[in-house]
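Structure first, commentary second.
Each reported figure results from applying straightforward, stated rules to the coordinates on display, with no laboratory input. From a predicted model like this one, the values you see are computed outputs, not experimental measurements. Neighbour counts are summed over all protein chains in view; Cβ atoms, including those assigned to glycine, are modelled from backbone coordinates with ideal geometry.
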Amino acid sequence: MKNLLVYLKNYKKECVLAPLFKMLEASFELIVPLVVSAIIDVGIVNKDRNFILQMCLVMVALGLIGLVCSVTAQYFAAKAAAGFGTRVRHALFAHIQTFSFSEIDKAGTATLITRMTSDINQTQSGVNMVLRLFLRSPFIVFGAMVMAFTIDVKAALIFVVTIPLLSLVVFGVMAVSIPLYRKVQERLDKVLGITRENLSGARVIRAFHKEEEEKSRFEEGLERLTFMQNHVGKISAFLNPVTFVIINGATIVLLYTGAVQVNVGNLTQGEVVALVNYMSQILVELIKLANLIVTITKAAACGNRISAVLEMESSMPMEEETGNDAESEKRQDSIMVKFSHVGMAYQGAGAESLSDIDFAVEKGETVGVIGGTGSGKTTLVHLIPRFYDVTAGEVLIQGKNVKEYSLEELRQKVGIVMQKAVLFQGTIRENLRWGKADASDEELYQALDTAQAREVVEGKEGKLDAFVEQGGKNFSGGQRQRLTIARALVRKPEILILDDSASALDYATDARLRKAIREMEGRPTVFIVSQRTSSIQHADKIIVLDDGEIAGIGTHEELLKCCQVYQEIHESQYKRQ
Amino acid sequence: MEKRSKKYQARTLKKVLKYIQAYRIFLALSLIFAVVTVAATLYIPVLTGRVIDHIVAPGQVEFPVILELLWQIGIIIALAALAQWLMNVCNNKITYEVVQDVRREAFARIQILPLKFIDGHSHGEMVSRVIADVDQFADGLLMGFSQLFTGLVTILGTLLFMVSINIKITLVVVLVTPVSLFVAAFIARRTFSMFMLQSSTRGEQTSLINEMIENQKVVQAFSKEEDVLEKFDEINARLERASLNATFFSSLTNPGTRFVNSLVYTGVALVGALFAMSGGAVFTVGQLSCFLSYANQYTKPFNEISGVVTELQNALACAERIFALIEEEPQISEPENVKTLTDVKGNVDLAHVYFSYSPEKKLIEDFNLNVRPGQRVAIVGPTGCGKTTIINLLMRFYDVDSGSIQVEGEDIREVTRRSLRESYGMVLQETWLKAGTIRENLKMGKPDASEEEVLNAAKAAHAHSFIKRLPQGYDTVIGEDGGSLSVGQKQLLCIARVMLCLPPMLILDEATSSIDTRTEMKIQNAFATMMNGRTSFIVAHRLSTIQEADIILVMKDGHIIEQGSHEELLLKKGFYAELYNSQFAV
């Protein structure tokens, strides 16, 4: 939470002024009982009508000044809080943008989204509340005590005893109940989990007719939740009655002491009334303070979660341009991509996902990557645009280590089509231009033709201006896949990676697509990741992966002869019974 | 419009009352305790005032009277505190129990809702109804109600006490107080549009955040980080302005009403002091002090009530959403003397089946199919062509629009869902596992399976070797929806799950789509044994896996366009032939 406070840096003035004005307002509030006491002791006793009128005008004036102070304070608080929220939001979003794939995998997108939205909102309103109330309430509590001292020391001692006692009760109850509330939350999460599970698994649950069993599982979760809620409820139900007893008990003592003091002439009747008023002001503020602390604990918890994300360092820091010109000489090399004894282990994983991968690809070659589930195909191609860093060996593009390119330059060279076909809200044109910001319609159509996606665009009203809903929901899986391929092609990348991106296409379209890519001008170096041998059998080179290791490299025919893994894969798809 | 929503609210309120009825004793108690609390709380200032009246000046303090009064105050305090505590306990009890009842009913309803509803609604949204809406409804409605009730009792009680002391000063209070309501209402009206702007801007931003963070990898692949951040900042700047306005203007309510309160206070002080000054027993200093504390208490519930009303409306809206779920039309319930499917051999007949998800878009029309025991039916076609629809109909996840589906000559609508579904073993493309141990998941279809049976099934599905390597083997707890397992591993578990219970008919919907072909080939043997003598329906992508089927259904755009054996279809040189040949084309 602490390191979030830097985002209030530009609002130092507001952060000082808001509480200051709140305290001013509170001070005026504290004067009111003194005025009332003066009305009683001077005005009523002396039957001085003018004095009473004057004092009432003073009270109205106090109210007005209080209003002005408080409005000023609210403005500064709102300004600081809104500014704080905006800055944290910007900082967090910008920070997430620097994450490498490892951090995104680790944090999880759902978590990141919650941090960006509800957590920041809660923290923002927490800041607002703190600026407005956190100083005000203690100030009134202690101010009331100080005012009591100015009236009578003996009576004030009652305040000295009451305030710690009250604080003990209020904070004691909270100290006990806040951890319990966390337990309530845990149990609620459990209930939520079961509900979600039953929706996503409705088919399976019904197929196995587990409805009754699920109901009793839910019931059990519910009962545990209700039990805990009642338990906490019983404890926090004490808060109000007990504070009520303490304050009023103190008032009784105060009245008695007051009576004694008045009797000996140390106090006046009006002063006793003022003391009683101060006592009741304390009660109101303490309750406000207790509510405030609940808000603050929540906000602080949210703040800590945000901090945790901000503290996650990108494992792939943007380094300065390594403008080493001598290095670029080597780019004449005809080897486009070279993996040199590459090993790669995901963060926190025990074993390597890829080990000792060693191969070289010439410019313009088409490479097929094939292998079983979890054999490391996607990991391998993700190393080329440096989505992850290798943990052993090196990846070279045109003779230069990928770590020596700026990420921007490197990714400019690579067009990648991911397994999950994602489109963004906007027009088709906007989506395609992700590949190249200033691409002309002609260039776009060229890419669409190659990707076999012209018919997708032609079929939509508005053609390139047709609207794409969030996530591309208004396109079918196959249409989305073809559009994402086109998007990668618009850039005319030197290296094109198709990560199982034709899976939703039927065989015929898939074949036409591969043919068109081979005939593209400039002939990119192509990596095709696939599970089907038919998609890659015409590649110049096929890399067969088995459990993170290369089981064979060669052409279709070569592999059929000498690579057992490849033979098995091929047979499994072509076997005739 | 207004009238209609009022009517809706009334109806919702009636339903709410139905839930509360079970706890009416607690509700009555709560109300009684509330009245006691308020009365006692209000009586204390009266007594305090009397005490003050007996503390006049040096030598003029009547200790015996004061002590007597202080004792009374003490008793009243104890009474008020006790009543307040009991009221809290009652309120908690009602709230939590009602929440539990509503959730229980909502969950039970989910279990019998037609899949059409579950498929057609966002799960996140339904979960939020069961969790967030119920909480808000209970908190808002019951707490709001109790606040409203105490508020009203306080106002009435204060009025009574005040009138009993002095009518004229009471008038001062009564006349000035409504001003604070006007102030609050005025500010609320003015800020409403600001809040709308804030929440719509927030929504816009959230949707951008969702889109971009979910697809962060794509953003990075295209080096679009800066463009995205720019777009984000533009919305962020607008949000800052909107948020500042909404926060600031809404926070004016509090100082505004407080100012009005201070006016009331001053008014009471002025008039009270003037009365007291004119002397006599008409109005004493003690009564003035009592009135001043009333002036504070009287205005507070007004401020609270204006807040409570919005909260109540909000709560009713939540209640409406959750009731809509609870009252959602369930699947057709089973008639009393419905038959149970027994001795299923595997005869499945579809006659003149018509079905579509929505009336505008016709899907399956006049579909006929006769399957005899042990036959294999393969369903082929491009992705998204509706292959899964057939399975939805066979399992009776959806009912046909017209025509009939019969198993062993019985219309499936005339047998229990349970016996129908028990006859099928199903492996779906979307693998779903429940949170729990691996073993629990495997035994889902056959809870009484022996350890040996479990192991054999896992081995047959080639899942044993990876399960063995998990930290706690078969007792490893997997999270919601499979947690850390890969899609392929989850699919293997789903296959093992079916291999364990071995029902008379099988449905395999892309059962091996995420498993590499080598492992798949090994599983095929197990599948072959399993399918032997069992009627099976197979949806598949890979033509090689379906060539040997007895009947192949070729689907396109939701329609069944061809039907026959592999050889027949090839001879036909239709869509199937094209699909098949493209596999070998370049």
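For the pair segment A:22-51 and segment B:295-345, the centres of their Cα atoms are 53 angstrom apart.
For the cross-link pairs A:LYS377/A:LYS413; A:LYS463/B:LYS572; B:LYS434/B:LYS468; B:LYS15/B:LYS300; A:LYS12/B:LYS300; A:LYS183/B:LYS300, which exceed 25 Å when the distance is taken from alpha carbon to alpha carbon? Checking Cα-Cα distances, A:LYS463/B:LYS572; B:LYS15/B:LYS300; A:LYS12/B:LYS300; A:LYS183/B:LYS300 exceed 25 Å. Excluding same-chain neighbours fewer than eight residues apart, the lysines reachable from A:LYS515 by a Cα-Cα span under 19 Å are A:LYS363, A:LYS492, A:LYS541. Between the residues A:LEU396, A:SER334, A:GLN479, the greatest Cα displacement towards the positive end of the dipole of segment A:330-574, with unit charges on the Cβ of Lys, Arg, Asp and Glu, is found for A:GLN479. For chain A, averaging the sequence separation of C-alpha pairs within contact (under 8 Å, six or more residues apart) and dividing by the residue count gives a relative contact order of 14 percent.
Each pair of Cα atoms in chain A enters the Kirkwood radius, and Stokes-Einstein at 20 °C and 1.002 mPa s then converts it into a translational diffusion coefficient of 70 µm²/s.
Peptides A:523-534, B:351-362 ranked from most to least packed by the mean count of surrounding Cβ atoms within 10 Å: A:523-534, B:351-362. The simple spin-label model puts a point 7 Å past each Cα toward its Cβ; for B:VAL174 and B:HIS123 those points are separated by 6.0 nm. Its relative contact order, with pairs defined as Cα atoms under 8 Å and 6+ residues apart, puts chain B at 14 percent. About the centre of its Cα atoms, segment A:330-574 shows a dipole size close to 540 debye [charges on the beta carbon of Lys, Arg (+1) and Asp, Glu (-1) only; nearest 20 debye]. Each Cα pair of the protein assembly as shown feeds into the Kirkwood radius, which the Stokes-Einstein equation turns, at 25 °C and 0.890 mPa s, into a diffusion coefficient of 70 µm²/s. With N set to the residue count of chain B, report its C-alpha Rg divided by 2.2 N^0.38 Å to two decimal places. Relative to the rule-of-thumb radius for its length, chain B sits at 1.45. On full extension, the segment bounded by A:GLN419 and A:GLU458 gains 11.6 nm, given 0.36 nm per residue less the C-alpha separation.
Take the Cα pairs of segment A:330-574, get the Kirkwood Rh, then feed it into Stokes-Einstein at 37 °C and 0.692 mPa s and tell me D in µm²/s. Answer from the Stokes-Einstein relation: 178 µm²/s.
Judged by the gyration tensor of its Cα atoms, with axes a ≥ b ≥ c, segment B:432-502 is rounded; a/c sits under the 1.5 cut. Residues of segment B:306-339 with an amide N closer than 11 Å to a point placed 7 Å from the Cα of B:ALA132 along the Cα-to-Cβ direction: none. Spin-label model, B:ALA237/A:LYS234: points 7 Å from Cα along the beta carbon direction are separated by 5.8 nm. With R₀ set to 22 Å, the beta-carbon distance separating B:THR340 from B:LEU115 gives a calculated FRET efficiency near 0.50.
Bridging of B:LYS18 to lysines at a Cα separation below 18 Å is possible for B:LYS7, B:LYS93, once same-chain residues fewer than 8 apart are set aside. If R0 is taken as 30 Å, the Cβ-Cβ distance between A:LYS12 and A:SER406 corresponds to a FRET efficiency of 0.25. Modelled this way, with points 7 Å down the Cα-to-C-beta line, the labels at B:LEU67 and A:LYS298 are 5.0 nm from one another. Within chain B, the whole DSSP H helices whose Cα atoms reach 24 Å or more along their own axis and whose mean Kyte-Doolittle score is at least 1.6 are B:24-53, B:144-165. Annotation for segment A:175-202 versus segment A:65-96: alpha-carbon center distance of 32 Å. Near A:VAL337, the amide H atoms lying under 5 Å from its own belong to A:VAL361, A:GLN398; only residues 5 or more places off or on other chains count, and H is placed 1.01 Å from N.
Taking every alpha-carbon pair in segment B:79-140 and binning the separations at 5 Å intervals from zero gives 3, 16, 20, 18, 12, 9, 7, 5, 4, 3, 1, 0 percent.
Taking a straight Cα-Cα cut-off under 20 Å and skipping sequence neighbours fewer than 8 places away in the same chain, the aspartates and glutamates within cross-link reach of B:LYS345 are B:GLU408, B:GLU410, B:ASP411, B:GLU414, B:GLU422, B:ASP550. For the residue pairs A:LYS403/A:LYS436; A:LYS215/B:LYS339; B:LYS224/B:LYS387; A:LYS22/A:LYS154; B:LYS224/B:LYS490, the C-alpha atoms sit more than 28 angstrom apart in B:LYS224/B:LYS387; A:LYS22/A:LYS154; B:LYS224/B:LYS490. Where in chain A are the DSSP H helices whose C-alpha atoms run 18 Å or more along the long axis and whose mean Kyte hydropathy is at least 0.0? The answer, listed by residue number, is A:12-38, A:49-97, A:136-151, A:153-200, A:239-264, A:269-311.
Measuring nothing but how far apart in sequence close Cα pairs (under 8 Å, 6+ apart) lie, relative to its length, segment A:330-574 scores a relative contact order of 26 percent.
When +1 charges are put on Lys and Arg Cβ atoms and -1 charges on Asp and Glu Cβ atoms, the dipole computed for segment B:432-502 relative to its Cα centre reaches about 200 debye.
Couplings 3J(HN,Hα) of segment B:56-61, computed from phi: 9, 7, x, x, 10, 10 Hz, in residue order, whole Hz [Karplus 6.51 cos²θ - 1.76 cosθ + 1.60, θ = phi - 60°; x for Gly and Pro]. Measuring from centroid to centroid over Cα atoms, what is the spacing of segment B:87-104 and segment A:502-573 in Å? Here the answer is 62 Å between Cα centres. This model, with +1 at the C-beta of Lys and Arg and -1 at the C-beta of Asp and Glu, gives chain A a dipole about its Cα centre of some 1900 debye.
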